[in-house]
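Engineer: First, the structure itself, so that you have it in front of you.
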There are 2 protein chains.
Amino acid sequence: MKKAIILLSGGLDSATCGVIARDMGFEIYALSFSYGQRNAFELDAARGVALFLGAREHRVINIDLAAFGGSALFASSGVDVPKGDKAGGGGASGIPPTYVPARNTIFLSYALAWAEVLGMGQGADLCCDIFIGVNNVDYSGYPDCRPEYIAAFEKMANLATVAGVGGHKTTIHTPLMSLSKAEIIKIGVKAGLDYGMTRTCYDPDSQNGGACGVCDSCQIRKKGFEQAGVADPTAYFYG
Amino acid sequence: MKKAIILLSGGLDSATCGVIARDMGFEIYALSFSYGQRNAFELDAARGVALFLGAREHRVINIDLAAFGGSALFASSGVDVPKGDKAGGGGASGIPPTYVPARNTIFLSYALAWAEVLGMGQGADLCCDIFIGVNNVDYSGYPDCRPEYIAAFEKMANLATVAGVGGHKTTIHTPLMSLSKAEIIKIGVKAGLDYGMTRTCYDPDSQNGGACGVCDSCQIRKKGFEQAGVADPTAYFYG
């Protein structure tokens with residue numbers, strides 16, 4: 001059974017990405033990161049999703065991004081998460097304030113390290129497959145969610161590792177890249193994924209672990225369920 | 001004064017790389033990593049070198065590579081470091097056993113994150129300059145020490161970040177890429193660098209922090225001083 005590493009945040013997108021990889025027949029190695037973000041509460045969700053996917057292993061890596069500061073996604077940054085009509089998905093308006101510097105580059109680099117240790121893309125294992133739930137529709141303002149970024153990372157990865165030296169191939173799979181949130185939700189529902197176990201909110205209730213319902217991420221999620229015609233299983237504590 | 005991030009291990013190469021950046025007129029932001037390696041003793045050296053360079057800031061980031069295992073460079077791996085005639089610098093013989101998976105990719109990714117937080121390559125600051133002391137002469141068996149890897153990382157970096165989106169330029173400087181160890185040492189000595197403050201050994205004496213003198217890295221270092229005709233300030237506890 002071919003191995004794949006899935007970057008699993010515990011959110012809606014990465015869970016769907018994991019289901020797609022599982023249904024492609026991959027043995028799942030789930031990789032999550034703890035980086036002092038407000039949405040550390042997603043990690044509990046990631047554990048549940050990894051179990052649901054039947055992951056062979058699930059590693060949670062502590063990373064030190066907060067040492068650099070600079071983003072509203074860091075719990076310790078003192079920067080407010082934009083709410084209501086101040087929230088924006090990026091796009092033509094520029095870089096969203098919730099952008100975390102070089103985040104996907106760091107996440108994918110760790111995935112590459114684990115893949116190499118697992119022997120992926122070496123010897124008889126011809127390919128190294130990594131899945132990431134990036135999306136260029138809802139998050140078009142994030143530079144590291146663009147197809148040209150992923151292509152460049154893949155090229156770099158093929159030069160960075162033992163796998164590349166052996167002439168084998170690293171593939172960064174981005175099955176959600178061009179899908180709307182509604183399309184993503186429909187795929188997950190069809191595959192039996194209970195989105196009630198996923199968590200997406202940028203600014204969750206620290207007491208009850210609930211989603212706010214008004215941050216950028218919650219708004220995109222709500223709209224996705226509406227447009228998919230699927231009941232939203234999320235409990236929101238505002239609006 | 002233009003900022004540059006210098007990846008500083010506390011070893012001979014990265015210290016020389018730092019001196020070159022300083023003498024090019026950059027304001028130095030030194031970045032080191034603690035990753036459970038046998039050569040954690042290098043970090044004390046890195047602090048000394050950062051002071052010598054007059055670094056504006058020096059950050060030490062804890063990273064979790066050991067969670068993946070797989071290299072003799074991890075203190076907890078239980079893998080022996082090759083000694084004497086078992087040691088090899090890589091090259092035609094393949095990947096050295098001391099290779100750490102995806103290490104430079106992870107290090108450079110963190111540098112990219114810090115650069116973005118520092119505002120490098122944004123607004124009036126047109127360039128983002130990162131220095132890494134990789135060398136393709138002594139370490140030709142390491143895939144992530146090759147010029148084509150660095151070029152691919154640079155291209156990816158220009159797509160990954162706010163700097164890239166603004167059309168500004170990230171440059172990964174590798175001034176040591178094609179130099180012999182003797183040439184590197186001559187540059188440092190000329191610039192007033194005391195190599196006695198640097199540490200390179202893969203398998204240091206945990207009691208006294210001394211260098212072994214027989215590992216791959218010590219052998220390359222000794223030979224470099226011999227060939228440069230410079231007295232080696234290192235105290236070796238074997239051979």
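The values are calculated or read from the model by the stated rules, or taken from the named source; none is laboratory data. Everything numeric here is computed off the predicted structure, so don't read it as measured data. Every residue, glycine as well, gets a Cβ built from its backbone with ideal geometry; the counts of neighbours run over all protein chains shown.
Engineer: Can you pull out the residues in segment B:212-236 that are of a type in the set (S, T, N, Q) and part of a loop (DSSP other than H, G, I, E, B)?
Structural biologist: Across segment B:212-236, the qualifying residue is only B:Thr234.
Residue-wise test of (1) away from chain B (no Cβ under 14 Å); (2) surrounded by 18 or more Cβ atoms within 10 Å (Cβ to Cβ); (3) at positive phi.
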position: A:Leu118; (1), (2), (3): no, yes, no
position: A:Phe131; (1), (2), (3): yes, yes, no
position: A:Val134; (1), (2), (3): no, yes, no
position: A:Asp138; (1), (2), (3): yes, yes, no
position: A:Pro147; (1), (2), (3): no, no, no
position: A:Phe153; (1), (2), (3): no, yes, no
position: A:Met156; (1), (2), (3): no, yes, no
position: A:Met177; (1), (2), (3): yes, no, no
position: A:Ser180; (1), (2), (3): yes, no, no
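Engineer: Scan segment B:20-46 residue by residue and report those that are over 13 Å from the mean Cα position of the chain (by Cα) and modelled with pLDDT of 95 or more.
Structural biologist: B:Ile20, B:Ala21, B:Arg22, B:Asp23, B:Met24, B:Gly25, B:Phe26, B:Glu27, B:Ile28, B:Tyr29
Engineer: Show the residue pairs meeting these rules: Cβ distance below 9 Å; 6+ apart or different chains; first residue within segment A:1-16 and assigned to a strand (DSSP E or B); second residue surrounded by fewer than 24 Cβ atoms within 10 Å (Cβ to Cβ) and among the polar types (S, T, N, Q).
Structural biologist: From segment A:1-16, the pairs are A:Leu7/A:Ser32; A:Leu7/A:Asn104.
Engineer: Here's another thing I want to ask about it. Of all residues in segment A:182-200 being assigned to a loop (DSSP other than H, G, I, E, B) and surrounded by 23 or more Cβ atoms within 10 Å (Cβ to Cβ), which is modelled with the highest pLDDT?
Structural biologist: Among those residues, the one meeting the criterion is A:Thr198.
Engineer: So the check is Cβ under 6 Å with 6+ separation or different chains; which pairs have a first residue in segment A:132-151 that's β-branched (Val, Ile, Thr) and a second one that's not in a loop (DSSP other than H, G, I, E, B)?
Structural biologist: A:Ile132/A:Leu7; A:Val134/A:Cys145; A:Ile150/A:Ile172
Engineer: Quick check on my filter: what residues within segment B:158-173 are modelled with pLDDT under 80 and at the interface with chain A (Cβ under 7 Å from one of its Cβ atoms)?
Structural biologist: Answer for segment B:158-173, where residues must be modelled with pLDDT under 80 and at the interface with chain A (Cβ under 7 Å from one of its Cβ atoms): B:Thr161, B:Val162, B:Gly164, B:Val165.
Engineer: Tell me, which residue of segment A:61-74 that is facing chain B (nearest Cβ under 9 Å) and either modelled with pLDDT of 85 or more or touching a strand residue (DSSP E or B) at 6+ places or on another chain (Cβ under 8 Å) (or both) is surrounded by the fewest Cβ atoms within 10 Å (Cβ to Cβ)?
Structural biologist: If we take residues in segment A:61-74 being facing chain B (nearest Cβ under 9 Å) and either modelled with pLDDT of 85 or more or touching a strand residue (DSSP E or B) at 6+ places or on another chain (Cβ under 8 Å) (or both), then A:Asn62 is surrounded by the fewest Cβ atoms within 10 Å (Cβ to Cβ).
Engineer: Every residue in segment A:172-188 that is closer than 15 Å to A:Thr200 by Cβ and among the small types (Gly, Ala, Ser), please.
Structural biologist: The answer is A:Ala182, A:Gly188.
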